[in-house]
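The values are calculated or read from the model by the stated rules, or taken from the named source; none is laboratory data. The model shown is predicted, which means the values in this text are computed figures rather than measured ones. When we count neighbours, we look across all protein chains shown, and the Cβ atoms used for this are built from the backbone with ideal geometry, even at glycine.
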Amino acid sequence: MDGKNVLSSSRRSNESQSPANIHYKTSAENIVRRACFCLACNTTGSYIDFSELRMTLEQNATDGDTEIVLFAQGGDVGLDRLEITAPNGRAVAKFDGDRRGIGIREFLLESAEPPDLDVVLASFPEGEYSFTGRTVTGDCLRGTASLSHEIVPPTELRTPEEEEVVQIDQLVLSWNAVAGVERYVVELNNENTGSEMTFEVFPPTTSVAIPAHFVQPDSEYQFAVGTKTANGNVTFVELTFFTAP
C-alpha cells in the first residue's frame, strides 16, 4: 500500500428508508420565521461562524439509492437550535433542543433514500443552503454550504470477483479508472465481525494489496469503491467475497 496516496476517511453504512413527508412553506412564512429566529438569538444582530458546514450527495449504484448528507459543526459552546434553509427558501431541517442543557456541537444528518434519483434532487435543489444556529448561551451562528448535483460515473470492480473465495495472503482490491475523479474511497468491511476499513486513494492508483494481518480467514467481506469528485459527491459500487478457512 502506497502511504503517499492514502488518507484516512469514514462513511456511515446506508439503510433503505422511505421518502419523508415534506411540509412546504411559502417564502413569506420563511422570511417571518427567520426574522423571529434572529430576534430570539440576541439583540445585537451579530453572528459568529460555524466551524464547518458541508452538504454532499452520496449514491450507491449497486443498490440504486441516493441520499443527501448534511454536516454542521459549531464552536466550543453547544447549540440548542439549528435550521437549514434551501436556496428556494424552504426549511429542509430544523432542530430545537433544551436550552437548559449543554447543547449539541455537531450534527450529521442524512436524508431518506428513495430509489428515484429525481425525487432526491427535487427535494434538495442545487445551490447555496443557509445554516442558522443558536448556542445555549444565546449567541447566533450563521453560514452557508453549497450543494452540487454533479457526480461522476461509478467504477467497475475488478478483483476480487463477486462471491470469490480468496486466500488472505493474496487479497488485492482493484477497480477500473474513471475520468474526472478527484479520489477513490475504498471500503473493506468484515460482515462476520463488523470491523470496517476505509481509506482514500488518489489517481492514478487503482489497486491496493491488503496485508494478511488485516484480514480474517473464513469470513464474508463487503468490498466497495466510491468515485469522489472535488465537490465531495461520491458514487459507490460494492460486491461480496469470502476468505478461505
Would it be correct to say that ASN231 is farther than 30 Å from SER146 by Cα and surrounded by 13 or more Cβ atoms within 10 Å (Cβ to Cβ)? no
How many residues of region 175-198 are buried (at least 17 other Cβ atoms within 10 Å of the Cβ) and under 25 Å from ALA230 (Cβ atoms)? The answer is 9
In the set GLY194, GLY143, GLY180, GLY138, the lone residue that is assigned to a loop (DSSP other than H, G, I, E, B) and in the same structural domain as ASP49 (by TED's automatic domain parsing) is GLY138
Among the numbered conditions (1) part of a strand (DSSP E or B); (2) loosely packed, with under 15 Cβ neighbours inside 10 Å, tell me where PHE107 comes up short. (2)
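For region 81-100, which positions are assigned to a strand (DSSP E or B) and either within 18 Å of VAL120 (Cα to Cα) or out of contact with any strand residue (DSSP E or B) (no Cβ under 6 Å at 6 or more places or on another chain) (or both)? Lay out the reasoning, then the answer.
First, pick out the residues of region 81-100 that are assigned to a strand (DSSP E or B): 81-85, 91-96.
If the condition is that a residue be assigned to a strand (DSSP E or B) and either within 18 Å of VAL120 (Cα to Cα) or out of contact with any strand residue (DSSP E or B) (no Cβ under 6 Å at 6 or more places or on another chain) (or both), then ILE84, THR85, ALA91, VAL92, ALA93 are the ones that fit.
Residue by residue, here is whether (1) modelled with pLDDT under 50; (2) closer than 30 Å to ALA230 by Cβ; (3) out of contact with any Ser or Thr (no Cβ under 6 Å at 6 or more places or on another chain) holds:
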position: GLU29; (1), (2), (3): yes, no, yes
position: ALA40; (1), (2), (3): no, no, yes
position: PHE50; (1), (2), (3): no, yes, yes
position: ASP65; (1), (2), (3): no, yes, yes
position: ALA72; (1), (2), (3): no, yes, yes
position: LEU79; (1), (2), (3): no, yes, no
position: ILE84; (1), (2), (3): no, yes, yes
position: ALA91; (1), (2), (3): no, yes, no
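Just for region 160-177: of the residues that are without any contact (Cβ under 8 Å) to a residue 40 or more places away in the chain and assigned to a strand (DSSP E or B), which one is nearest to ASP218 (Cα to Cα)?
VAL172
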